[in-house]
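Each remark here refers to the structure printed beneath this line.
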Amino acid sequence: MKVYFLGTGTSQGIPVIGSNHSVCLSNDSKDKRLRVSVWIHSENFSIVIDCGPDFRQQMLTSKCNYIDALLFTHEHADHTAGLDDIRPFYFKQGPIPIYAHKRVLENLEKRFDYIFVNENKYPGAPSVTQIEVKENEGFEIKNQWIEPINASHGNLQVFGYQIEGFVYLTDVKTVAVEEINKIKNCKVLVINCLREEPHHSHFNLEEALDFISLVQPNRTYLTHISHLFGFHEEIQKKLPENVFVAYDNLEILI
Ligand SMILES: [Zn+2]
């Protein structure tokens, strides 16, 4: 199984439009970050987690040309705004299965009403099949078992996902002990880490490192990075062994 980091930036991406911040002006390709998303794929399945505003570009760059399922963590725009761009997949494959919390499905239905209508549907609009993800209820996609991990993004519930020892958790600020127990000693953990300064709904570096020492994964990758965190190369120097800053187009083997 391979995991391809489609995007590793926070909600505005890096560079931020019009910004003169040194990180936004960096020439290092690792300092250019699209909105967070990963593509998990093997010979048997192809799953994308979240579908932000950079989805089209991410599908072109990664050469992802088939999607068995789209999994959503939560409804914020940086994780959902690209939903219309599933059209090429829909034209080829038919309705695309989307997995999310009931609240997130309802939110998408409101914001992308033309995708969800059954009558007088515009012929070019894509269609989806909705599958509700429930707390403590794993599910299968193409014989691959997937376990939702419940967490909080400030006041908002979010889902992370565990697939064969790979755990993807983003936009997290607090995680209950029972949920941490589900992912203890996993092979690879991906966790959000916005910057060094505290934030009301995201882990900062200190919180992310504390979380990593509770989970004890073999390897960890930090994602959802803000330009305020600094240059990729500088952040990496501050991290302990087996903790890495993820970057766009990095692909890892699980
Ligand atoms: Zn986000």
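Every number in this text was worked out from the coordinates using simple rules, so none of it is lab data. Being a predicted model, the structure only gives us computed values, none of them experimental. Cβ: placed from backbone, ideal geometry, glycine included. Neighbour counts: every protein chain shown.
Please report, in debye to the nearest 20, how large the charge dipole of region 122-174 is about its Cα centre when each Lys and Arg carries +1 at its beta carbon and each Asp and Glu carries -1 there.
For region 122-174, the charge dipole is close to 140 debye.
What are the GluC sites (Glu not before Pro) within region 56-132 that DSSP puts in a loop, where the Cβ has at most 12 other Cβ atoms within 10 Å?
Glu119
Residues with beta-carbon under 13 Å from that of Ser46, excluding Ser46: net charge, scoring Lys, Arg +1 and Asp, Glu -1?
Within the 13 Å Cβ shell, the charges total +2.
Check each of the trypsin sites (Lys or Arg not before Pro) in region 175-254 and keep only those in coil by DSSP with at most 11 other C-beta atoms within 10 angstrom; list them in order.
Lys184
Among Ile86, Ser29, Val133, flag the residue with its Cα farthest along the positive direction of the charge dipole of region 1-139, charges on Cβ as +1 for Lys/Arg and -1 for Asp/Glu.
Final value for the positive-end residue is Ser29.
For an R0 of 22 angstrom, estimate the FRET efficiency from the Cβ-Cβ distance between Asn249 and Ser19 and round to the nearest 0.05.
The calculated FRET efficiency here is 0.50.
Considering the options Val188, Thr61, Pro15, tell which one lies farthest towards the positive end of the dipole of the chain, charges being +1 on Lys and Arg and -1 on Asp and Glu at the Cβ, about the Cα centre.
Thr61
Fully extended, how many nm does the chain gain between Asn143 and Asp68 (0.36 nm per residue separation, minus their Cα-Cα distance)?
25.9 nm
Among bridges DSSP assigns within the chain, what percent are antiparallel (round to 5)?
That works out to approximately 55 percent antiparallel.
Give me the distance between the Cα centres of region 23-83 and region 208-254, rounded to whole Å.
18 Å
Label Asp28 and Glu206 with points 7 Å out from Cα along Cα→Cβ: what is the distance between them in nm?
2.4 nm
Can you give the charge dipole size of region 2-253 about its Cα centre, rounded to the nearest 20 debye, using +1 on the beta carbon of Lys and Arg and -1 on the beta carbon of Asp and Glu?
That gives a dipole near 440 debye.
Karplus couplings for region 81-90 from phi (6.51 cos²θ - 1.76 cosθ + 1.60, θ = phi - 60°), rounded to Hz, Gly and Pro as x?
5, x, 4, 4, 7, 6, 3, x, 5, 4
For labels at Asn242 and Gln216 in the simple 7 Å Cα→Cβ model, what's the distance in nm?
Between Asn242 and Gln216, the simple spin-label model gives 1.0 nm.
Choose one answer from Leu60, Leu156, Leu83: the residue with the largest mean-square fluctuation in a GNM of the chain with alpha-carbon springs under 10 Å.
The residue that fluctuates most here is Leu60.
More than 28 angstrom separation, counting every C-alpha pair in the chain; what % is that?
In whole percent, the share of Cα-Cα pairs in the chain beyond 28 Å is 29.
Add -39500 (n - 2.57) for each DSSP H run of 4 or more in the chain, then divide by its residues: what number comes out at 222 nm, to the nearest 500 deg cm²/dmol?
-5500 deg cm²/dmol
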